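Here's the structure, in structure tokens; my notes come after.
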Amino acid sequence: MAYISETRLTVRYSETDMMGIVHHSRYYPWFEQARTDYIKEAGLTYSGLEKMGFMLPLTETQCKYIYGLTYEDEVLITCRIEKLSVARVEFFYEVFKMPEMKKVSEGRTKHGIVDGDLRPINAKKVFPDVWEKLTSLL
């Protein structure tokens, strides 16, 4: 079974819109935090990867909104790798309202794997240690 990370947060007032619900744009920073937490679970950090020249530029995003969240709602965001190749990675996210674990949204982000000059690379060949850590969570 694939590893799934969990990120918890509380909706801040500044994340809501005039209707009192979380603005759609706020989900992407939440996905970023969940992805960062996932990568930490592999024993890596985003800043460490970037210092090595291992970059993950975003190539595509998607989010499906099912129910709205409001100020001070407790939220759980799960993250897992849905697809991984030597040149691309796709993360899948689910957002739940706690404590009832009501699913409120799901999304994905797709990323290329490139070097510090933003040239596509074969992660398995160029960064075998990173590749091993990422694949260990699949």
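The values are calculated or read from the model by the stated rules, or taken from the named source; none is laboratory data. Bear in mind that the values here come from a model prediction, so they are computed numbers and not experimental data. Cβ coordinates were reconstructed from backbone atoms using ideal geometry, including for glycine residues, and neighbour counts include every protein chain displayed.
Summary table
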| read-out | value |
| --- | --- |
| Qualifying residues in the range 16-27 (those that are surrounded by 15 or more Cβ atoms within 10 Å (Cβ to Cβ) and in contact (Cβ under 8 Å) with a residue 24 or more places away in the chain) - the one nearest to Cys63 (Cα to Cα) | Tyr27 |
| Lone unmet requirement of (1) surrounded by fewer than 15 Cβ atoms within 10 Å (Cβ to Cβ); (2) touching a helix residue (DSSP H, G or I) at 6+ places or on another chain (Cβ under 8 Å); (3) touching a residue at least 40 places away in the same chain (Cβ under 8 Å) for Thr45 | (3) |
| Condition broken by Val11, with the remaining ones in (1) surrounded by 12 or more Cβ atoms within 10 Å (Cβ to Cβ); (2) within 19 Å of Trp131 (Cβ to Cβ) satisfied | (2) |
| From Tyr27, Tyr3, Tyr38, residue being in a loop (DSSP other than H, G, I, E, B) and of a type in the set (Phe, Trp, Tyr) | Tyr3 |
| Residues located in the range 53-81, provided they are exposed (fewer than 15 other Cβ atoms within 10 Å of the Cβ), without any contact (Cβ under 8 Å) to a residue 60 or more places away in the chain and touching a Phe, Trp or Tyr at 6+ places or on another chain (Cβ under 8 Å) | Thr61 |
| When residues of the range 119-138 are limited to those that are at pLDDT 95 or above and touching a strand residue (DSSP E or B) at 6+ places or on another chain (Cβ under 7 Å), the one farthest from His24 (Cα to Cα) | Ile121 |
| Residue within the range 37-47 that is under 21 Å from Ser136 (Cα atoms) and polar (S, T, N, Q) present | yes |
| Given (1) surrounded by fewer than 18 Cβ atoms within 10 Å (Cβ to Cβ); (2) small (Gly, Ala, Ser); (3) within 16 Å of the chain's Cα centre (by Cα), number of the condition Ser105 does not satisfy | (1) |
| Residues of the range 109-130 classified as closer than 18 Å to Ile81 by Cβ, basic (Lys, Arg) and in a helix (DSSP H, G or I), total | 1 |
| Failed item, numbered, when Phe91 is tested on (1) exposed (fewer than 15 other Cβ atoms within 10 Å of the Cβ); (2) touching a helix residue (DSSP H, G or I) at 6+ places or on another chain (Cβ under 6 Å) | (1) |
